[in-house]
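Report on one structure; see the data block that follows.
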Amino acid sequence: MVRTKTMSRVPTPRAALALLTSVNLLNYLDRFIPAAILPTILAEYHISLAKGGILQTLFIFTMAFASPIAGSLGDRHPRFRVAALGVLVWSVATFASGLAPTFILLGLARAVIGFGEASYTVVTPSLLSDFYPGNRRGRALAIFYAAIPVGSAMGYVVGAQVAAHLGWRWSFFVAGVPGIVLALILATRNDPKRGAQDEGAGDPDDSGGKIAHKHDGSVSSVVVIANAVRELFARPSFVYNTIAQTIYTFGIGGLAVWMPTYFVRERGLSEASAGTIFGGLLLVAGFAGTLLGGTLGDRLAVRRADGHFIVSGVALLASLPFTLAAILSPTPAIFWPSMFVTLTLLFLNAGPLSAAMANVLPAGLRSRGFAANTFAIHVLGDAISPPLIGLGADHMGLRIPVVATGIIIALASLVLFAGRGALARDLKAAA
């Protein structure tokens, strides 16, 4: 009787996807509100562009360093509970961001948000992978990651519009409250069985899973981490995937922070207009690109084992000319459509790359695999690109640093093309 009651709290795949995607939307709304109101924050605290970029760095660094801890918790404890705790922490800290009287305290609040978001971001791909089989996982993860452009777009729009009418601090108040409610909902849900949707699934402790669960107190955490790292590097496609995502995250993270400010300073738009128009384009293009990428990746992967890498690599390479046109053209009739196309192409890769990673990792290693990936792409990616762009902008203006960042993104495609064979071999070994 107790077992029936407990199992009834395991949501259906669609319900789980809807809930986790909704929370992920709020995750990215919160993450990009500061980018929408950055010019006002710079003026409020009288700081340089370089220091403005550090605001994002504080958030990213704490999220990245908290990710391995969250991944370890996710592989050993109920993931819905870990996610609920993370959402509660970041929501309270978001609300506190609007109360910060100094830039230092605002930075501290954003750092705390990083701890909370790590707990959610790391465990949810693993959780969703246990609701969907491998041949449907790319599409499910694409829907989940569609919250990235939608939530980011809402962050730009909500931040810009609320700040224009109520002041920038209210942008954080509006974003903080809903997360508390969603955290309580997450806490009432139970996980599905680990690895239940994997081919030949048995005891999830088998193979890679044994390093996640079958260690007693006599085995130090250092040994457990070392074993996990060895297991991850034994899958070369994981390394290629992480390197490509790091390059991509460096570029897209830097541009996401500075593009609204770029349109304000270089194109003469108001803060409200820049945030709203850029957010609207991101909403439509990012949503369409993410869903399209998941579908194309899964379809090509049925015919070719390296299909997920091919879809992402082609999309990233094709984005380069449109990125340059969006940045360099002074004509709205050119730079806005170009921005739409490049955003669509950039977001094509979210679902395929996540599916490729989930499909080569055993169930008991997935949370830590995504944690290691999260740590690498953020510490070496968007933790350092915003202040670097800001530092360059303080000396030469925003145009040159922004153009250089756009070019860097295309390099990720070369890494994915080089890793196609590794992906095929790793998938064969996993099967």
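The values are calculated or read from the model by the stated rules, or taken from the named source; none is laboratory data. Everything numeric here is computed off the predicted structure, so don't read it as measured data. Heads up, the Cβs are rebuilt from the backbone with ideal geometry, glycines too, and the neighbour counts pull from every protein chain shown. All accessible areas refer to the heavy atoms of the entire protein, side chains included, with ligands and DNA or RNA removed. Shrake-Rupley method; radii C 1.70, N 1.55, O 1.52, S 1.80 Å.
Overview of values
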item	result
So VAL92, is it of a type in the set (Val, Ile, Thr), part of a helix (DSSP H, G or I), open to solvent by 10 Å² or more (accessible area, probe 1.4 Å) and free of Cβ contacts under 8 Å to residues at least 60 places away in the same chain	no
Tally of residues being in contact (Cβ under 8 Å) with a residue 24 or more places away in the chain and open to solvent by 10 Å² or more (accessible area, probe 1.4 Å) across the range 35-45	4
Residue pairs meeting the criteria (Cβ under 6 Å; at least 6 apart or on separate chains; first over 25 Å from PRO11 (Cα atoms), in the range 53-81; second among the acidic types (Asp, Glu) and crowded, with 24+ Cβ neighbours inside 10 Å)	ILE60/ASP382; MET63/GLU117
Scan of the range 227-272 for residues that are open to solvent by 50 Å² or more (accessible area, probe 1.4 Å) and not hydrophobic (A, V, I, L, M, F, W, C), ordered by number	ARG230, GLU231, PRO236, TYR240, ARG265, GLU266, GLY268, SER270
Conditions (1) over 27 Å from GLU117 (Cβ atoms); (2) modelled with pLDDT under 90; number of the one not met by ALA326	(2)
Meets criteria (over 22 Å from ASN349 (Cβ atoms), surrounded by fewer than 24 Cβ atoms within 10 Å (Cβ to Cβ) and among the charged types (D, E, K, R)) for ARG110	no
Number of positions in the range 320-342 that are out of contact with any Phe, Trp or Tyr (no Cβ under 9 Å at 6 or more places or on another chain), surrounded by 24 or more Cβ atoms within 10 Å (Cβ to Cβ) and under 20 Å from LEU296 (Cβ atoms)	0
Helices (runs of 4 or more DSSP H) lying entirely in the range 345-431 (those with 3 or more residues that are more than 30 Å from PRO330 (Cα to Cα), open to solvent by less than 30 Å² (accessible area, probe 1.4 Å) and in contact with a strand residue (DSSP E or B) (Cβ under 7 Å, 6 or more places away or on another chain))	none
Candidate set from the range 299-319 (those that are over 20 Å from the mean Cα position of the chain (by Cα) and open to solvent by less than 20 Å² (accessible area, probe 1.4 Å)); member that is nearest to TYR145 (Cα to Cα)	GLY307
Failed item, numbered, when ALA100 is tested on (1) in contact (Cβ under 8 Å) with a residue 40 or more places away in the chain; (2) not in a helix (DSSP H, G or I)	(1)
Given (1) at pLDDT 90 or above; (2) within 22 Å of THR374 (Cβ to Cβ); (3) small (Gly, Ala, Ser), index of the condition ALA96 fails	(2)
Odd one out for ALA84, checked against (1) without any contact (Cβ under 8 Å) to a residue 12 or more places away in the chain; (2) in a helix (DSSP H, G or I)	(1)
Every residue from the range 122-160 that is under 18 Å from ILE252 (Cβ atoms) and surrounded by fewer than 24 Cβ atoms within 10 Å (Cβ to Cβ)	ILE148, VAL150, MET154
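Table: residues versus (1) more than 26 Å from GLY279 (Cα to Cα); (2) touching a strand residue (DSSP E or B) at 6+ places or on another chain (Cβ under 9 Å); (3) open to solvent by 10 Å² or more (accessible area, probe 1.4 Å).
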| residue | (1), (2), (3) |
| --- | --- |
| VAL23 | no, no, no |
| ILE47 | no, no, yes |
| GLY52 | no, no, no |
| GLN56 | no, no, yes |
| PHE61 | no, no, yes |
| GLY71 | yes, no, no |
| GLY74 | yes, no, no |
| HIS77 | yes, no, yes |
| ARG81 | yes, no, yes |
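Residue-wise test of (1) hydrophobic (A, V, I, L, M, F, W, C); (2) in a helix (DSSP H, G or I); (3) closer than 16 Å to PRO260 by Cα.
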{"site": "THR124", "(1), (2), (3)": "no, yes, no"}
{"site": "LEU128", "(1), (2), (3)": "yes, yes, no"}
{"site": "ALA142", "(1), (2), (3)": "yes, yes, no"}
{"site": "SER152", "(1), (2), (3)": "no, yes, yes"}
{"site": "VAL158", "(1), (2), (3)": "yes, yes, yes"}
